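Heads up, the thing below is written out as structure tokens.
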């Protein structure tokens, strides 16, 4: 039977695991407090959190949240990142920290209540940002309209060129 503090921690983890868009499980062994504070600060713009958790309590919380398959990642020191907002930005921030610190390692993650491995988490980080995708979509939506305007302007432009050339042939001054 867990103590009151452990029960509260399990409830908090269950809620966070259930509500997060992306969960990243890491091995934080070797990081100091300053590094952890820096990581937490880099995750805040993406509505992200980062906390250290006990494996047993995380296992219980995952079962309550309906998440299976975390056993491989629940060995050794465990810290969990919760993305409540933009998962691509969050994954990029985590991946950047892993590259720069060379201490933090990603064990895996949870996306749509399914376990994903570390390579898949890195794959999420390699996706284009939301703003980039929106700009590409806007460009794709504008392209047919721009092409239509070019096609419709083509005949009138051709007529203007023909009239201009004929005026030059007749010895008149071409209009610019």
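The values are calculated or read from the model by the stated rules, or taken from the named source; none is laboratory data. Values in this document were obtained by computation on a predicted structure and should not be read as measured data. We place every Cβ from the backbone using ideal geometry, glycine too, and count neighbours over all the protein chains shown.
Results, tabulated for the structure shown:
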{"read-out": "Residue in region 84-92 that is touching a helix residue (DSSP H, G or I) at 6+ places or on another chain (Cβ under 9 Å) and closer than 22 Å to residue 10 by Cα present", "value": "yes"}
{"read-out": "Total residues in region 14-35, condition within 18 Å of residue 98 (Cα to Cα), out of contact with any strand residue (DSSP E or B) (no Cβ under 6 Å at 6 or more places or on another chain) and touching a residue at least 24 places away in the same chain (Cβ under 8 Å)", "value": "4"}
{"read-out": "Matching residues, region 38-67, being farther than 26 Å from residue 3 by Cβ and surrounded by 12 or more Cβ atoms within 10 Å (Cβ to Cβ)", "value": "38, 39, 40, 42, 43, 44, 45, 46, 47, 48"}
{"read-out": "Qualifying positions in region 85-107 - surrounded by fewer than 16 Cβ atoms within 10 Å (Cβ to Cβ) and without any contact (Cβ under 8 Å) to a residue 60 or more places away in the chain", "value": "96, 99, 100, 102"}
{"read-out": "Helices (runs of 4 or more DSSP H) lying entirely in region 1-65 (those with 2 or more residues that are at pLDDT 90 or above and under 17 Å from the mean Cα position of the chain (by Cα))", "value": "33-43"}
{"read-out": "Residue within region 85-99 that is at pLDDT 90 or above, in contact with a strand residue (DSSP E or B) (Cβ under 6 Å, 6 or more places away or on another chain) and either not assigned by TED's automatic domain parsing to the domain that holds residue 34 or not in a helix (DSSP H, G or I) (or both) present", "value": "no"}
{"read-out": "Residue 110 assigned by TED's automatic domain parsing to the domain that holds residue 37, more than 18 Å from residue 20 (Cβ to Cβ) and surrounded by 19 or more Cβ atoms within 10 Å (Cβ to Cβ)", "value": "no"}
{"read-out": "Residue 82 in contact (Cβ under 8 Å) with a residue 12 or more places away in the chain, part of a helix (DSSP H, G or I) and assigned by TED's automatic domain parsing to the domain that holds residue 57", "value": "no"}
{"read-out": "Lone unmet requirement of (1) modelled with pLDDT of 90 or more; (2) surrounded by fewer than 19 Cβ atoms within 10 Å (Cβ to Cβ) for residue 81", "value": "(2)"}
{"read-out": "Top-ranked residue of region 119-176 - restricted to ones that are under 25 Å from the mean Cα position of the chain (by Cα) and outside any helix (DSSP H, G or I), ranked as modelled with the lowest pLDDT", "value": "129"}
